[in-house]
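Accompanying notes for the structure given below.
The values are calculated or read from the model by the stated rules, or taken from the named source; none is laboratory data. Source: prediction; values computed, not measured. Ideal geometry is used to build each Cβ from the backbone, glycine not excepted, and the neighbour counts take in all protein chains shown.
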Amino acid sequence: MNYRDRKHLRLKHYDYSQNGTYFVTICTRERKRILSRIETSVGPDALIGPQVHLTEIGKTVDQYIQKTNRVYDTVSIERYVIMPNHIHLLIGLQNGPMGASGPTLPQIIKAIKGMVTRSIGHTIWQDNYYEHIIRDENDLLIHWQYIDHNPACWADDPYYGEELQ
């Protein structure tokens with residue numbers, strides 16, 4: 001039986017309990033558009049920009065993202081957006097030395113995905129996720145703006161034309 005070799009996305013010897021900020025993208029399984037819909041304003045409201053309207057599943061995701069800030073003293077979700085088929089998060093960790101007082105980044109992602117799965121009764125997530133370690137203030141600003149502008153770029157997403165699942 002041939003199994004596809006899975007690409008390991010995490011840095012091999014990096015300590016993901018290390019203090020810092022991480023940009024994370026989590027996609028839905030098969031990129032199904034089940035989390036939200038993006039509505040573009042026209043006429044006088046066009047200056048407002050695109051609005052994200054969460055589905056019931058998206059509201060559940062939002063609930064657990066916000067709960068993460070309350071559950072873990074050492075974790076802050078600094079910015080996030082829930083797109084139709086993925087979410088972007090800026091996650092800050094302020095753990096003690098060697099992660100002594102808080103969870104690692106993979107534990108946080110596992111918790112969010114797991115809580116949503118238990119709440120709705122089935123998994124909606126791809127197995128893995130993308131992360132980027134924020135290196136400096138400029139890198140943080142770039143990713144912060146990326147999150148803020150992502151709804152405006154939805155029409156350019158290759159999965160934009162697919163129907164809401």
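Is there any pair linking a residue in segment 55-82 that is farther than 15 Å from T117 by Cβ and free of Cβ contacts under 8 Å to residues at least 24 places away in the same chain to one that is polar (S, T, N, Q) and part of a helix (DSSP H, G or I), with Cβ under 7 Å and at least six apart or on different chains, and which?
S76/N69; I77/T68; I77/N69
Has segment 75-88 got at least one residue that is modelled with pLDDT of 90 or more and over 14 Å from the mean Cα position of the chain (by Cα)? Steps first, please.
Just the residues of segment 75-88 that are modelled with pLDDT of 90 or more, to begin with: 75-88.
Remaining after also requiring over 14 Å from the mean Cα position of the chain (by Cα): 75.
Scanning segment 75-88 turns up at least one residue that is modelled with pLDDT of 90 or more and over 14 Å from the mean Cα position of the chain (by Cα).
Kindly indicate whether I124 is surrounded by 15 or more Cβ atoms within 10 Å (Cβ to Cβ), touching a strand residue (DSSP E or B) at 6+ places or on another chain (Cβ under 7 Å) and at pLDDT 95 or above.
For I124, the condition - surrounded by 15 or more Cβ atoms within 10 Å (Cβ to Cβ), touching a strand residue (DSSP E or B) at 6+ places or on another chain (Cβ under 7 Å) and at pLDDT 95 or above - is met.
Search segment 1-50 for residues being aliphatic (A, V, I, L, M), farther than 30 Å from R135 by Cα and at pLDDT below 70, and hand back the single one that is surrounded by the most Cβ atoms within 10 Å (Cβ to Cβ). Let's see the steps before the verdict.
Here is the first cut: in segment 1-50, the ones aliphatic (A, V, I, L, M) are 1, 9, 11, 24, 26, 34-35, 38, 42, 46-48.
Right, trim to farther than 30 Å from R135 by Cα and you get 1, 34, 38, 42, 46-48.
If we keep only those that are at pLDDT below 70 too, we end up with 1, 42, 46-47.
Values: M1: 2, V42: 7, A46: 10, L47: 7.
Only one residue tops the list, namely A46.
Contact list please: Cβ distance under 7 Å, first residue in segment 129-146 and surrounded by 13 or more Cβ atoms within 10 Å (Cβ to Cβ), second residue at pLDDT 95 or above and polar (S, T, N, Q), pairs at least six apart or on different chains.
Listed by first residue and then by second, the contacts come to Y129/T25; Y130/T25; I134/T21; L140/T21.
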